[in-house]
Structures are given as structure tokens and as C-alpha cells.
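Enquirer: What follows is a single structure, and I will ask about it in a moment.
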Amino acid sequence: MTTVAVLGMGRMGSAMATALARAGFDLIVQNRTHARAEAVASELGCRAVRTPADAAAAADIAITMLADDDAVRDAFLGADGLAKGAHAGGVLVDMSTVMPDTIRSVEAAVRATGSGLLDAPVSGSVALAEGGQLTVMVGGDQADLDLARPVLDALAKTVFHLGPLGSGAAMKLAVNTVIFGLNGAVAEGLVLAEAAGVERALAYDVIAGGAVGAPYVIYKTAAFVSPESTPVAFAMKLADKDLRLIEASAARLGLSLPQTRASHQLIEEAVANGRADDDFSAIAVELRARHEIQSREGAQPEERV
């Protein structure tokens, strides 16, 4: 039986662990806060280990799903990092959303152990992760992908091999560029319809049922229609982080992305207005709040000087 370790028990990491446990893999989980790993292990009936090195040493395939570039580098290269436990015949797979150079920066240390290495970030929701229906974008050697493929297939409806190490991370930033643009456009369209007197849920049905009814629009229905009662799936502060990565990547490539800059500015303002921990679909909530303020101010012209 293949032993798989998942490092990072956030929303996506724990959802992926759930899918892998359901698929029958011998599962290990690890988290910087060990109590969180123990809680997930208890729920899934698997093992929790304390360090990335322990996870890599025990696993055939070790997956990282972490918050940012610093966390990934530390998990791989830290004193008790993955490179300390990596071994020949194993493959380390980073599925985080980070800059392409981050996975390349750990390659030498990992290859020195004889281990394989892939970057394989994902597109999809927590629910899709739990159901093994993600889209996975892989960068790295074909031989390493062949070893990891049964594990990735348990997480994904589609696995794309895009090229050398770092290609998956680059494609993930490109995909997120589209997602953030779509998120902002849906928010603006929905708020525009509401302001014109169309009931919110009905307006969303029209948007989702038309030309822009992409999977993202469908699975974010509850978040847009009932934001106050829908659990957060992807926090605004993480969207802010990802947009910074996209803009940094574009700058390195000499590209101007005006729509992305507009999307990021709105996200930054929402974070500054106290929405950092809200779901990033709460851009619509931010726009409604602005409209309400403007309406109140416009209703009292006699107070203006």
C-alpha cells in the first residue's frame, strides 16, 4: 500500500487528506500546530507526525499544501524539513500557490537525497478537493509524475503535465488571474442587478445560467447569495497574497495586467476595511456597503457645504 503524507491541515490540506483516506491510501498528516494534525488524524483514522522530516521519511509520496512561499521553503529546507527525511524512490509534491522560483529553490537539496520533486498546484474548491475532483497542474519530470500519478488521480478529475519544474506554479498564477477577474465581475454584476431592483438570488440564477456560468460561478452560489451564513472557503487575505504573487510574476516577465491591478486594488481596500478573514467573494458585500454609504450621503444634500 502506498503511504501518503499531507503537510498543512488548512481547509484545502485537510480536504485533500479526506479524499486520500477515502481512496484507501495509508495516510499520514502533519501540521505546524501539531494539535491540528492530531485532530484531523483522529477524524480520519490515520497517523499524525510532528515534523516534515518525519513525514517524508515515512511516506512514498509527501504533499505540501501551505500558505505561502516562506512556509514552503521552511517545510522543505528547515532544520526538520522534508529534505532531511526525503529518500530515493519517494516524491515530494508541493501543491501550494507560490512563485515558480520557490519550488526551484529547493530542488538541489531534494535531488541530493535521491527523491523526486514536483510542483502541482490545484484549481477547485474545498468541496471539490474532498470529492477528488480538482484540476492539478504539474511541473517536473515525467518519471516523478508517473510515481505520484495514482495519488494525484485520487485528488483530481484532470491532471495536466505542463513542463519542467515551476510550470505548474506558473500556470496556477495564470488560472488565478482569471478567477480573481471573474470573482470581481460577478460581484459587480450581481450588485448592479440588485441596485436596479432585481432580487439577489434570482439575479444570481440568471448569471449562473448564462454564458458566464463557469464551474466557479456555480460552486460559489451560496457564498454570493447568502454570504452571512456561508462558511469561508478562501479568505480575502489569501486572495491578496495570491494577487501579489501574480503581479510580481507579471513584473518579472515584463507584463502589464490592468484588470488584475483593478481586482487587487479592490481586494486591498476590502482587507483594509476589515474583511481580511471574509471569503473573497465578499467583494460583493464590500460593494453593497459602499453603495449604502453613497445612498445615505446622496439622500441628505442639505448637509453638504
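Enquirer: How far apart, in nanometres, would the label points at Q133 and I293 be if each is projected 7 angstrom from Cα along the Cα-to-Cβ direction?
Expert: In this crude label model, Q133 to I293 measures out at 3.8 nm.
Enquirer: Long-range amide H contacts for A48: which residues qualify at under 5 Å (H placed 1.01 Å from N, peptide plane, sequence gap of 5 or more or a different chain)?
Expert: When sequence neighbours closer than 5 places are left aside, the close amide H contacts are V29.
Enquirer: If you average the sequence gap of Cα pairs under 8 Å that are 6 or more apart and divide by the length of the chain, what percent do you get for the contact order?
Expert: Answer for the chain is 13 percent.
Enquirer: Next question. Quick check on the chain: take the gyration tensor over C-alpha atoms, sort the square-rooted eigenvalues as a ≥ b ≥ c, and tell me if it's rounded (a/c under 1.5), prolate or oblate.
Expert: Prolate shape, in that a/c is at least 1.5 and a/b is the bigger ratio.
Enquirer: Along the range 113-120, what does the Karplus equation 6.51 cos²θ - 1.76 cosθ + 1.60 (θ = phi - 60°) give for ³J(HN,Hα), rounded to whole Hz, x for Gly and Pro?
Expert: Along the range 113-120, the couplings run 8, x, 7, x, 8, 9, 10, 8 Hz.
Enquirer: Would you mind classifying the range 170-298 by shape? Square roots of the alpha carbon gyration tensor eigenvalues, ordered a ≥ b ≥ c; an a/c under 1.5 is rounded, otherwise it is prolate if a/b is larger than b/c and oblate if not.
Expert: prolate
Enquirer: Quick one: which residues, 5+ away or cross-chain, put their amide H under 5 Å from the amide H of A156? H built at 1.01 Å from N.
Expert: Residues meeting the amide H criterion: L134.
Enquirer: In debye, nearest 20: dipole of the chain around its Cα centre with unit charges on the Cβ of K, R (+) and D, E (-)?
Expert: In total the dipole reaches around 360 debye.
Enquirer: Another question about this same structure. Let's see if you can work this out: charge +1 on each Lys and Arg Cβ, -1 on each Asp and Glu Cβ, no other charges. What is the dipole magnitude of the range 170-298 about its Cα centre, in debye to the nearest 20?
Expert: 420
Enquirer: Taking the dipole about the Cα centre of the range 170-298, with the C-beta of Lys and Arg at +1 and of Asp and Glu at -1, give me whichever of A203, A289, V186 is farthest to the positive side.
Expert: Comparing the listed Cα positions along the dipole, V186 ranks first.
Enquirer: Counting helices only, and only those DSSP H runs with n ≥ 4, report the 222 nm mean residue ellipticity of the chain as the sum of -39,500 (n - 2.57) divided by its residues, in deg cm²/dmol to the nearest 500.
Expert: -16500 deg cm²/dmol
Enquirer: Among A239, A129, S167, flag the residue with its Cα farthest along the positive direction of the charge dipole of the chain, charges on Cβ as +1 for Lys/Arg and -1 for Asp/Glu.
Expert: My answer, from the dipole projection, is S167.
Enquirer: May I ask you to list, by number, the DSSP H helices of the chain whose Cα span along the axis is at least 27 Å and whose average Kyte-Doolittle hydropathy reaches -0.5 or more?
Expert: Span-like helices here: 167-195.
Enquirer: Still on this structure, please answer the following. For the range 4-40 and the range 246-270, write down the distance between their C-alpha centroids in whole Å.
Expert: Using only Cα atoms to place each centre, the spacing works out to 33 Å.
Enquirer: Which of rounded, prolate, oblate describes the range 3-163, given a ≥ b ≥ c as roots of the alpha-carbon gyration tensor eigenvalues and a/c under 1.5 marking rounded, otherwise prolate only if a/b is larger than b/c?
Expert: Rounded, since a/c falls under 1.5.
Every number in this text was worked out from the coordinates using simple rules, so none of it is lab data. Quantities reported herein were computed from a predicted structural model and do not represent experimental measurements. We place every Cβ from the backbone using ideal geometry, glycine too, and count neighbours over all the protein chains shown.
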